[in-house]
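Asks: Sharing a structure here in structure tokens format.
The values are calculated or read from the model by the stated rules, or taken from the named source; none is laboratory data. Everything numeric in this text was worked out from a predicted model, so none of it was measured. So basically every Cβ, Gly included, is an ideal-geometry build from the backbone, and we count neighbours across all protein chains shown. Protein only, heavy atoms only, side chains kept; ligands, DNA and RNA dropped before computing areas. Shrake-Rupley method; radii C 1.70, N 1.55, O 1.52, S 1.80 Å.
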Amino acid sequence: MTSPTDDISLHDRLLNEWGMAIIGGAIAPGDRLPEPVMADGGDPSHTPAHEAPTRTAPSRSVTREVTRVLESMGLVTVRRKAGATVNPVDMWNVFDPQVIRWRLGGAYRLNALNELSQLRAAVEPMAARLAAAAATPKQWGTLTEAAVGMVSHADRANESEYLNADMLFHRTLLEASGNLMFAALGDVVASTLEGRTAHELMPSVANQEALDLHVEVAALIRRGDGAGAEAAMRRIVDESADAITRIAAAG
């Protein structure tokens, strides 16, 4: 009998297993979700070599909940008596942060990163222009604080402190635009930045020009210079896209 803690663990593991399998193509569009039988998750060093790992079937409530989550992401369609079948990619909610994480964790992560870079290039420069007219003093202060935080941790650009400052900057920029649709993309941009760090597509030392540009964007927004802020922000997203290409090629 499983405890509530076991159910939570099985839920997360099953969600990740099915989600990665769908996005990686192991379960093809039109296929039904397979029967959920999960590895026990114990320490393999404690399992005798002659024994197979214990397998645990999630409860029906866990399976239903995981299926509902996948359905909310557009990854599956649930029909009575037919069960859950996998949807084609054009039905996925590609803006869902968990879908982004799965895409960045798969074999085609560079394709996903390039798409996300193109999205940023289309949105963030305009967000900077709008923020020059709409940002509140508090938002400008947060932008400046985040830019300073990035500079402070520039020698550890592939670690969490730099990442947190970088995410804060870009979330605040989108919010400061005053455009609710831009602001709603905060999680998408944050997931992109997280993916760059998680998959070792960030240098250990930050690019000095990029650091200077973040500081410059904050200052230009404070001065109300929309054209200048837009141009500087475009250079930031272009540098980011170029960096991903260079690091991926080197790897």
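Asks: Which one of these does Asp187 not meet: (1) touching a Pro at 6+ places or on another chain (Cβ under 9 Å); (2) crowded, with 20+ Cβ neighbours inside 10 Å?
Replies: Answer for Asp187: the failing condition is (2).
Asks: Then there is this: Please verify whether Leu193 is in contact (Cβ under 8 Å) with a residue 40 or more places away in the chain and open to solvent by less than 70 Å² (accessible area, probe 1.4 Å), treating the condition exactly as stated.
Replies: Values: in contact (Cβ under 8 Å) with a residue 40 or more places away in the chain: no; open to solvent by less than 70 Å² (accessible area, probe 1.4 Å): yes.
So Leu193 fails the test.
Asks: Further question: Do we have any residue at all in region 41-52 that's under 18 Å from Asp12 (Cα atoms), surrounded by 10 or more Cβ atoms within 10 Å (Cβ to Cβ) and modelled with pLDDT under 95?
Replies: yes
Asks: Which pairs turn up if I take residues in region 10-28 that are open to solvent by less than 10 Å² (accessible area, probe 1.4 Å) and look for partners that are aromatic (Phe, Trp, Tyr) and modelled with pLDDT under 95 with beta carbon separation below 9 Å, at least 6 apart in sequence or on another chain?
Replies: Gly19/Trp102; Ile22/Trp102
Asks: Could you pull out every one of the helices (runs of 4 or more DSSP H) wholly within region 55-164 that has 1 or more residues that are among the basic types (Lys, Arg) and surrounded by 19 or more Cβ atoms within 10 Å (Cβ to Cβ)? Break it down stepwise before answering.
Replies: Working: elements: 60-72, 97-104, 109-134, 137-152.
It comes to 97-104, 109-134.
Asks: Kindly evaluate Glu161 against the criterion of being farther than 20 Å from Val99 by Cβ and under 23 Å from the mean Cα position of the chain (by Cα). Can you show your working first?
Replies: Numbers: farther than 20 Å from Val99 by Cβ: yes; under 23 Å from the mean Cα position of the chain (by Cα): yes.
So Glu161 passes the test.
Asks: Moving on to the next point. Among Gly178, Gly195, Gly186, which is the only one that is within 20 Å of Asp242 (Cα to Cα) and not acidic (Asp, Glu)?
Replies: Values: Gly178 fails: within 20 Å of Asp242 (Cα to Cα); Gly186 fails: within 20 Å of Asp242 (Cα to Cα).
Exactly one residue qualifies, and that residue is Gly195.
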